[in-house]
Amino acid sequence: MGVTEIAQDLAHGVESRVSALSEALFDPVIRLGVTGLARAGKTVFITSLVSNLLDRARMAQLRAAADGRIEAVWLQPQPDDTVPRFDYEGHRAALTGPAPHWPESTRAVSELRLSLRLKPAGFLGLTGPRKVHLDIIDYPGEWLLDLALMDLSYQQWTDGVLARVAGRDEAAGYRAALQGLADTGWDEMVARRLADGWRDVLAALRKAGLSDVTPGRFLMPGELDGSPALTFAPVPRPEAPARGGLWREMERRFDAYKSRVVRPFFRDHFARIDRQVVLVDALEAIHAGPAALEDMRRAMAGILQAFRPGRGGLLAELIGGQKVQRILFAATRADHLHHAQHPRLAAILAAMLREARDRADFAGAQTAAMAIASLRATTEVDLSRGGETIHAVQGILQATGRPAAMYAGDLPVDPSRLLAPAREGAGAWLDGDYGIMRLAPAPLDLRPGQGLPHIRLDRAAEFLLGDRL
Ligand SMILES: Nc1nc2c(ncn2[C@@H]2O[C@H](COP(=O)(O)OP(=O)(O)OP(=O)(O)O)[C@@H](O)[C@H]2O)c(=O)[nH]1
Ligand SMILES: [Mg+2]
C-alpha cells in the first residue's frame, strides 16, 4: 500500500465530508496544523496563540486585530468528536498561575475550535458580520516522518534503519539482541523484547539530539501504546523466512502499522489541514552541536516530504482542491536571544530548510521562516564585560528558580558557518560555544485585554491567518 492508496481512500471519504462541509458553507473553517518534533514548543504556541486571539492587545501585527475588524472571539466545542480536546484552560493556568510552570509534555493529537466574528468584509458593509471558525490541531512532527515508510516494504525499511544506526553506540544492545535470533515460531515475548529494544534505541538517539529514525509512533504512541501494530522492530530477512515465523509476523505487523496507524492519520487529520506551522527548536540543536543540527536538518527535510506535491499534492487533488496553502517555519524560544540576533536565527532556519524547500516546490503554498517566542520569559539587559557591551537576556533559571543573565553566544550572520560543518560531520563548533539554559516562565501581571507576552506571535498569526480574516 502506498501513497496512491491513501489518495484513493481520501476520494472515497469525500462523500462523507460533503455534509460536514455544507454545514460550514456559511461559516468558513480554517484548519491550522501545529507540529514540530518533541519539545519544539507546540503546546505553548497554541496556548499563547489562543490567549492572544481571545485578548488581542498584544497583536498589533495582526492586521484584522489592529484595524478593529475582529468583533468577538470565543471557544467552541470542536467538530471532531473522537479527537481529544486541547486543554487550553489547563495549559494557560500552568503558565499564568502564582508559581508559573511549563505545561506537561503531550503525546497525541488534540484539537480546539475558536470562532471569530468579523466586521463585514464588503466595503459597503452590506453583508453583515461574518463568522470564521479556526480549528487548531496539535500533532507530533514525528508522525509525519512515517509518510516515508508508506512506500517501503518491511525489508526495505529494515535495511534502511539498520544502516542508519550501524555505527552508533546507542544501537549496540539492539544489534546484540539480533544475533542468534531464530526464525522459528512466533513468540510474543521475543517480539515485545525487540520492539522495546528498538524503542530504547530511538529514545537514546533522541536524547543525543537525533530524531530522524522511524517509526515515528514508537516514542509518540498516543493511544496505541502496547498494541500489536506497534509491537514490531527491524529484523534482517533470513534466507527463506518460515511461514508463521518471526520475520513473516514482523512483516505483517509492519504492514498493519502502515494501514491501521499511518494511513488513518494522514486521511483523518493531515489531509484536512490548510495552514501549517512547523516549530523548530533550532537553538537547542545548535547548542547540542553539529551532529544534532545536521540531524535536525534531515528530520525537517523528512517532515517536508509530507508537503510535497507528488505526495501532499496528490492527496490534496483528491480531496477537492484543499491543500496546505501556507506553511510557517518558526524557530522557537527566540526569547533566549537579544533581539539583535533574531534575524540570524531566522536566517539559519531558512537556510536549513532551503534545500528541502527547493526540492519540494510546495505547489503554490506560501512559506516563511521566523524567529518567535510563544511565551516571552526574559527581558533584555546590556552587560559590560572588560569595557565591552554584551547584549544579553535575563530570566529565571528553571533549575534554581533564581534570576540570571544569560548570553547564548553570537550566532553567525552567515548560516553556512554552522550548516557547513554540521553537514561535514564536525565534532564541535569551531567559532565558539552556544549555550542555552532552561528558563522558567516569568510570573505575569496581565492587564485586561492582554494575552500572554510573546515575540512575533502576531506576525506569525498574520502570515497564517491574515488573508482569511
Ligand atoms: N523560553 C521559552 N521557552 C519555551 C517557549 N516555548 C516552549 N518553551 C520551552 O520548551 C518546552 C517545550 O514546550 P512545549 O510547548 O511543551 O513543547 P511540545 O512541542 O508541546 O512538547 P511535547 O508535547 O513534549 O511534544 C517548554 O517546557 C519550555 O521549556 C518560549 O516561547 N520561550
Ligand atoms: Mg505538547
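Please treat every number below as a calculation from the coordinates, not as lab data. Given the structure is predicted, the values throughout are model-derived calculations rather than measurements. Counting neighbours? That spans all protein chains shown, and the Cβs are built from the backbone with ideal geometry, glycine included.
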Q.
For a quick check: sort Glu188, Glu251, Glu388 by the number of other beta carbons within 10 angstrom, fewest at the front.
A. Glu388, Glu188, Glu251
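Determine the sum of side-chain charges near Ile436: Lys and Arg each +1, Asp and Glu each -1, restricted to other residues whose C-beta is under 15 angstrom from that of Ile436.
Once positives and negatives cancel, what remains is -1.
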Q: Lys and Arg at +1, Asp and Glu at -1: add these up for the other residues within a Cβ distance under 10 Å of Val261 and post the number.
A: +3
(Q) Taking 8 Å as the Cα distance limit and 6 or more residues as the minimum spacing, I'd like the relative contact order of the chain as a percentage. (A) 21
Q: Give me the number: length gained by fully extending Glu380 to Ala57, i.e. 0.36 nm times residue separation minus the C-alpha to C-alpha distance, one decimal in nm.
A: 114.1 nm
**Q.** Ascending count of other beta-carbon atoms within 10 Å, so fewest first, for Thr82, Thr96, Thr43
**A.** Thr82, Thr96, Thr43
Q.
Please compute, for the alpha-carbon atoms of the chain, the extent along each of the three principal axes and give them in descending order in Å.
A. 72, 67, 42
Q) So which lysines pass the test for Lys119, namely a Cα distance under 17 Å, with those fewer than 8 places away in the same chain ruled out? A) Lys131
